[in-house]
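Colleague: Have a look at this one.
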Amino acid sequence: MEKISVVIDGRTFEAEKDTCVLEVARRNGIYIPSLCYNSEVTSSGGSCRVCLVEAHQGGRMRLVTSCNYPVRKGLEVKTDTPLVHRIRRGVLELLLARVPDSEVIREMAAAEGVTEVRFRKDEGENERYKCIACALCVNVCAEVVGVHAIAMVERGADKKPATPYNKPSDVCIGCGACAYACPTGAIELKEKDGVRRIWHKDFKMVRCSVCGTPYIPEAQVDWIVSKTGKDRSFFDKCPDHRF
Amino acid sequence: MKEMTQIQDVSRFDRIIDRYERSEESLLAILQDFQREFHYVPEEGIRRLSEVMGVPASKIYAMGTFYKALSLTPRGRHTIKVCTGTACHLKGAPQILETLERELRVKRNGTTEDGEFTLECVNCVGACAMAPVTLVDEVYHGKTRPSKVMDIVRKQVEG
Ligand code: SF4
Ligand code: FES
Ligand code: FES
């Protein structure tokens with residue numbers, strides 16, 4: 001892999017060519033707000049727009065989303081300019097209008113000084129309550145888990161992740177990776193008496209034979225066993241008591 | 001008995017699916033054929049298509065919700081669209097809509113009880129010079145008047 005050097009906020013860093021700006025910044029302790037990007041998920045990013053930065057290259061400047069902008073030779077990035085903050089405030093104001101009940105968005109907006117919105121707010125327990133329609137959950141389910149239980153349905157302002165017909169999906173394994181990845185905690189995952197409920201479906205959990213904690217859905221064990229050929233008994237114990 | 005109908009059901013989808021190549025590119029065309037044949041895209045159709053094509057049902061369902069030309073709920077044999085775009089609105093679209101609602105006994109975006117008509121509003125169909133515009137099964141009728149609109153509908157569907 002070709003190494004290049006890139007300047008971020010006046011400091012020079014070595015990085016592999018084509019790594020995204022956000023990744024390089026994170027590794028070097030430079031904070032850029034982000035929501036829809038997850039470094040483990042190739043198809044993530046580019047949707048929430050909060051990670052925008054100034055990219056200076058060849059005498060020109062563009063505002064770009066740092067989570068999918070590749071570092072190249074001669075690139076200089078500025079993450080902390082008045083322009084970046086002004087545009088980000090606009091993005092956050094829109095997000096706040098869409099999901100005023102999301103703590104994450106409220107905090108991120110407040111950090112930029114945005115506490116009020118000039119637009120009609122979308123409040124309450126509606127169908128996509130805290131969801132900013134970034135599709136990270138869908139990408140995780142498809143790319144990382146590989147089951148495609150959910151997809152982004154509807155369009156425009158109604159866009160949201162859902163199972164077909166909002167019914168329990170026949171392929172969902174109840175792993176909860178979508179809920180874990182969601183930047184705003186918009187996906188409901190409940191667990192009670194050894195049963196997990198997610199996406200309208202109940203999953204019986206396997207209990208650890210040592211501590212008795214229900215820790216993984218049976219359906220997920222089935223899936224892993226069928227995909228990897230791993231021995232079933234491996235899942236008798238939870239990760240804490242495995243070795 | 002239930003099983004019988006189920007088997008029959010699947011074959012009516014397979015007849016359509018079999019006309020196409022087994023590839024993701026065929027999906028939209030197949031959904032359009034479902035729409036034409038059944039006047040909507042039935043859930044069992046999506047599930048069968050997913051099974052045959054090996055494409056996740058979630059993806060096909062998402063397509064179904066995305067395209068305006070596809071409907072996931074049963075629709076009438078005929079679709080009446082009243083343009084309520086700005087020009088048509090000013091030229092009396094609301095009255096046309098009211099007339100149709102009253103005469104057909106159906107609310108906008110609803111389907112008549114006999115499954116004959118679905119009534120819809122659309123926003124500017126790009127024929128403002130003919131405002132107000134009413135479409136019956138995609139046939140444009142310009143300068144429609146409330147007193148004439150039922151005649152137009154009847155004449156067209158009765159051939
Ligand atoms: S549920 Fe979460 S991860 Fe999924 S689209 Fe909404 S905000 Fe993004
Ligand atoms: S984190 Fe970059 S667009 Fe969302
Ligand atoms: S507003 Fe009806 S055709 Fe343009």
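Colleague: For residues in the stretch A:139-151 being open to solvent by 20 Å² or more (accessible area, probe 1.4 Å) and touching a residue at least 24 places away in the same chain (Cβ under 8 Å), which is nearest to the other protein chains (Cβ to nearest Cβ)? Give the steps one after another, and end with the answer.
Modeller: Quick first cut of the stretch A:139-151, residues open to solvent by 20 Å² or more (accessible area, probe 1.4 Å) only: A:139, A:142-146, A:148.
Next cut, touching a residue at least 24 places away in the same chain (Cβ under 8 Å) only: A:139, A:142-146.
Numbers: A:Asn139: 12, A:Ala142: 8, A:Glu143: 12, A:Val144: 15, A:Val145: 12, A:Gly146: 10 Å.
Here the answer is A:Ala142.
Colleague: A further question on this structure: Does B:Glu44 satisfy being surrounded by fewer than 20 Cβ atoms within 10 Å (Cβ to Cβ), part of a helix (DSSP H, G or I) and in contact with a Phe, Trp or Tyr (Cβ under 8 Å, 6 or more places away or on another chain)?
Modeller: Values: surrounded by fewer than 20 Cβ atoms within 10 Å (Cβ to Cβ): yes; part of a helix (DSSP H, G or I): yes; in contact with a Phe, Trp or Tyr (Cβ under 8 Å, 6 or more places away or on another chain): yes.
So B:Glu44 passes the test.
Colleague: Now for a separate question. Going residue by residue through the stretch B:112-126, is there one that turns out to be on the phi < 0 side of the Ramachandran plot and within 14 Å of another protein chain (Cβ to nearest Cβ)? Break it down stepwise before answering.
Modeller: Keep residues of the stretch B:112-126 that are on the phi < 0 side of the Ramachandran plot, which gives B:112-114, B:116-123, B:125.
If we keep only those that are within 14 Å of another protein chain (Cβ to nearest Cβ) as well, we get B:123.
Yes, that holds for at least one residue.
Colleague: Can I ask one more? Find all pairs meeting these conditions: Cβ atoms under 7 angstrom apart; at least six residues apart or on different chains; first residue within the stretch B:130-159 and at positive phi; second residue away from ligand 1 (no atom under 16 Å from the Cβ) and outside any loop (DSSP other than H, G, I, E, B).
Modeller: Every condition considered, the pairs that remain are B:Asp137/B:His78; B:Asp137/B:Thr79; B:Lys143/B:Met130.
Colleague: With respect to A:Val171, determine if the residue is part of a loop (DSSP other than H, G, I, E, B), away from ligand 2 (no atom under 16 Å from the Cβ) and closer than 15 Å to A:Val41 by Cα. Let's see the steps before the verdict.
Modeller: On the way: part of a loop (DSSP other than H, G, I, E, B): yes; away from ligand 2 (no atom under 16 Å from the Cβ): yes; closer than 15 Å to A:Val41 by Cα: no.
Here the answer is no, as A:Val171 does not meet what is asked.
Colleague: Let me ask something else. Any residue in the stretch A:176-201 that is within 14 Å of another protein chain (Cβ to nearest Cβ) sitting within a Cβ distance under 7 Å of a residue that is within 16 Å of ligand 2 (Cβ to nearest atom)? List the pairs, counting only those 6 or more apart or interchain.
Modeller: Close Cβ pairs satisfying both conditions: A:Cys178/A:Cys137; A:Cys178/A:Val140.
Colleague: Let me ask another. Could you check A:Phe119 against (1) open to solvent by 30 Å² or more (accessible area, probe 1.4 Å); (2) over 26 Å from A:Cys178 (Cβ atoms); (3) in a helix (DSSP H, G or I) and say which number it fails?
Modeller: Unmet condition: (3).
Colleague: Looking at (1) away from chain B (no Cβ under 14 Å); (2) in contact with a helix residue (DSSP H, G or I) (Cβ under 7 Å, 6 or more places away or on another chain); (3) surrounded by fewer than 19 Cβ atoms within 10 Å (Cβ to Cβ), which is the one condition that is false for A:Glu154?
Modeller: (1)
Colleague: Residue check: is A:Tyr69 in contact (Cβ under 8 Å) with a residue 12 or more places away in the chain, of a type in the set (Phe, Trp, Tyr) and closer than 19 Å to A:Ile8 by Cα? Outline the logic, then answer.
Modeller: On the way: in contact (Cβ under 8 Å) with a residue 12 or more places away in the chain: yes; of a type in the set (Phe, Trp, Tyr): yes; closer than 19 Å to A:Ile8 by Cα: yes.
Answer is yes for this residue.
Colleague: Name the single residue that is farthest from ligand 3 (Cβ to nearest atom) among those in the stretch A:58-70 being farther than 19 Å from A:Arg89 by Cα and open to solvent by less than 60 Å² (accessible area, probe 1.4 Å). Write out each step before concluding.
Modeller: Applying the first criterion (farther than 19 Å from A:Arg89 by Cα) to the stretch A:58-70 yields A:58-61, A:68-70.
Applying the additional criterion that residues be open to solvent by less than 60 Å² (accessible area, probe 1.4 Å) yields A:69-70.
Working: A:Tyr69: 41, A:Pro70: 44 Å.
The extreme case among them is A:Pro70.
Colleague: Right, another one. Can you tell me which residue within the stretch A:23-47, out of those that are farther than 21 Å from A:Val6 by Cβ and not hydroxyl-bearing (Ser, Thr, Tyr), is farthest from ligand 3 (Cβ to nearest atom)?
Modeller: Applying the filter and picking the extreme gives A:Glu40.
Colleague: Would the stretch A:211-222 turn up any residue that is within 18 Å of A:Val140 (Cα to Cα), open to solvent by 30 Å² or more (accessible area, probe 1.4 Å) and within 16 Å of ligand 1 (Cβ to nearest atom)?
Modeller: Checked against the condition, which is being within 18 Å of A:Val140 (Cα to Cα), open to solvent by 30 Å² or more (accessible area, probe 1.4 Å) and within 16 Å of ligand 1 (Cβ to nearest atom), the stretch A:211-222 yields no hits at all.
Colleague: Please pick out the residue among A:Ser34, A:Ser102, A:Ser39 that is within 16 Å of ligand 1 (Cβ to nearest atom), open to solvent by less than 10 Å² (accessible area, probe 1.4 Å) and not hydrophobic (A, V, I, L, M, F, W, C). Walk me through it before giving the result.
Modeller: Values: A:Ser34 fails: open to solvent by less than 10 Å² (accessible area, probe 1.4 Å); A:Ser39 fails: open to solvent by less than 10 Å² (accessible area, probe 1.4 Å).
Only one candidate qualifies: A:Ser102.
Colleague: Moving on. Which one of A:Val41, A:Val53, A:Val24 is closer than 29 Å to A:Val138 by Cα, within 15 Å of ligand 2 (Cβ to nearest atom), more than 14 Å from every other protein chain (Cβ to nearest Cβ) and in a strand (DSSP E or B)?
Modeller: Being closer than 29 Å to A:Val138 by Cα, within 15 Å of ligand 2 (Cβ to nearest atom), more than 14 Å from every other protein chain (Cβ to nearest Cβ) and in a strand (DSSP E or B) holds for just one of A:Val41, A:Val53, A:Val24, which is A:Val53.
Colleague: Could I ask something else about it? Return the residues of the stretch A:56-67 that are within 15 Å of ligand 2 (Cβ to nearest atom) and not polar (S, T, N, Q); say none if nothing qualifies.
Modeller: A:Arg62, A:Leu63, A:Val64, A:Cys67 - these are the residues of the stretch A:56-67 that are within 15 Å of ligand 2 (Cβ to nearest atom) and not polar (S, T, N, Q).
Colleague: Taking the stretch A:1-20, which residues are assigned to a loop (DSSP other than H, G, I, E, B) and free of Cβ contacts under 8 Å to residues at least 24 places away in the same chain? Show your work before the answer.
Modeller: Here is the first cut: in the stretch A:1-20, the residues assigned to a loop (DSSP other than H, G, I, E, B) are A:1-2, A:9-10, A:17-19.
The answer is A:Met1, A:Glu2, A:Gly10.
The values are calculated or read from the model by the stated rules, or taken from the named source; none is laboratory data. Bear in mind that the values here come from a model prediction, so they are computed numbers and not experimental data. Positions of Cβ are backbone-derived with ideal geometry, glycine not excepted, and every protein chain shown enters the neighbour counts. Keep in mind that these areas ignore ligands, DNA and RNA; they rest on the heavy atoms of the full protein, side chains included. Shrake-Rupley method; radii C 1.70, N 1.55, O 1.52, S 1.80 Å.
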